[in-house]
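Take a look at the structure below.
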Amino acid sequence: YEGVFRNYILPKWQDAQITELQARPVELWIQSLKLAPKSKVHIRGLIQTLWDYAMWRGDVPTQRNPMELVHVRNASKRLGKPRTMTIEEFHRLSAVLTEPYRTMATVGVCLGLRWSEIVGLQWHDIDWLNGELRLQRAVVKQIEDEVKTVHSSKPLALDPRILDVLKLHKQNSIFTEPNDWVFASPEKHGKLPRSYTAFWKKLGRACHDAGKVHVSPHSFRHSYRAWLDELGTPITVRQRAMRQGTSG
């Protein structure tokens with residue numbers, strides 16, 4: 001959020017009154033930004049929140065939020081197909097990733113977790129006896145938040161092999177209390193999980209060492225879905241596996 005305000009909203013609107021942020025000027029400005037539709041929707045949402053706050057505080061009369069009238073073209077359309085890995089590519093990548101990043105990648109690709117859910121894991125989320133994982137929080141830019149949807153919080157069954165991977169990781173970790181982060185950052189003395197930036201850097205190096213494997217941290221979840229599709233998994237089963245309310 002801070003980055004969006006600092007890089008986009010404030011340079012344009014910091015000297016404006018909230019009442020100047022009307023539908024037409026905001027829509028024209030958003031259209032001019034060289035950003036993906038999803039990012040434009042995010043910017044509109046933040047300005048909408050500013051309006052809601054101004055009405056709640058009494059700075060402006062309660063009214064229809066002007067941002068509800070702002071249209072973002074292709075808001076539900078992806079600019080490109082997400083990059084996925086083959087199973088062979090994943091094994092090559094896994095072979096050169098160092099710990100704990102190898103474990104993070106394995107958990108992500110085998111469970112289809114979002115990056116924010118992986119780093120949001122704490123040890124008490126794992127039911128070792130019943131082989132289940134409950135996602136109770138997400139961490140974005142080191143800020144703890146709720147998981148993305150109601151479906152996201154449903155318990156996940158853990159294959160015994162994934163449990164073994166997590167057990168081995170716990171044995172090698174110095175942060176093993178129930179409320180400790182599964183992927184705690186030693187640099188932050190375990191008070192925060194490892195960051196997206198740290199994983200991105202390690203992944204970039206591993207992609208180079210693995211030989212022409214070009215993926216991002218988001219590719220693990222996309223690959224999980226692609227592999228389900230290759231197996232001919234029924235759409236309802238795939239939705240449950242991906243913890244989605246609808247397909248997509």
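Residues whose amide H comes within less than 5 Å of that of GLN122, counting only those at least five positions distant or on another chain, are VAL182 (H built at 1.01 Å from N in the peptide plane). To the nearest ten degrees, helix 87-96 and the longest principal axis of the Cα atoms of the chain are 80 degrees apart.
Under the rule a/c < 1.5 gives rounded, and otherwise a/b versus b/c splits prolate from oblate, where does segment 86-159 land using the Cα gyration tensor? All intermediate terms of the calculation are to be shown ahead of the outcome.
On the way: a/c = 1.91, a/b = 1.44, b/c = 1.32.
Since a/c reaches 1.5 and a/b is larger than b/c, the shape of segment 86-159 is classed as prolate.
Relative to the dominant Cα principal axis of the chain, helix 101-111 is inclined by about 80°. Here the Karplus curve 6.51 cos²θ - 1.76 cosθ + 1.60, taken at θ = phi - 60°, turns the phi angles of segment 13-19 into couplings of 10, 4, 9, 8, 6, 4, 5 Hz, with x standing for Gly and Pro.
GNM, the chain, Cα, under 10 Å: largest mean-square fluctuation among ARG102, ARG161, ARG64? Maximum fluctuation in the GNM of the chain, among the listed residues, is at ARG64. For segment 2-69, the square roots of the Cα gyration tensor eigenvalues, ordered a ≥ b ≥ c, give a/c of at least 1.5 with a/b greater than b/c, which places it in the prolate category. In percent, rounded to a whole number, the relative contact order of segment 87-242 is 29, using alpha-carbon pairs under 8 Å and six or more apart. Scanning residues 5 or more positions from GLU132 or on other chains, those with amide H under 5 Å from its amide H are ASP127, LEU158, with H placed 1.01 Å from N in the peptide plane. Helix 160-171 and the longest principal axis of the Cα set of the chain meet at an angle near 90°.
Comparing LYS202, LYS167, LYS12, which has the greatest mean-square fluctuation in the GNM of the chain with Cα pairs linked when under 10 Å apart? Among LYS202, LYS167, LYS12, the largest mean-square fluctuation in the Gaussian network model of the chain belongs to LYS12.
Note on the chain: GNM, Cα springs under 10 Å; of TRP128, TRP227, TRP51, the largest mean-square fluctuation is that of TRP51. Rounded if a/c is under 1.5, else prolate if a/b beats b/c, else oblate: with a ≥ b ≥ c from the C-alpha gyration tensor eigenvalues square-rooted, which is segment 51-133? Cα axes put segment 51-133 in the oblate bin. For LYS170, the aspartates and glutamates whose Cα comes closer than 12 Å to its Cα, not counting residues fewer than 8 places off in the same chain, are GLU99, ASP180.
Each value in this text was obtained by applying a stated rule to the coordinates, not by laboratory testing. Owing to the predicted nature of the structure, the values given are computational and were not obtained by experimental measurement.
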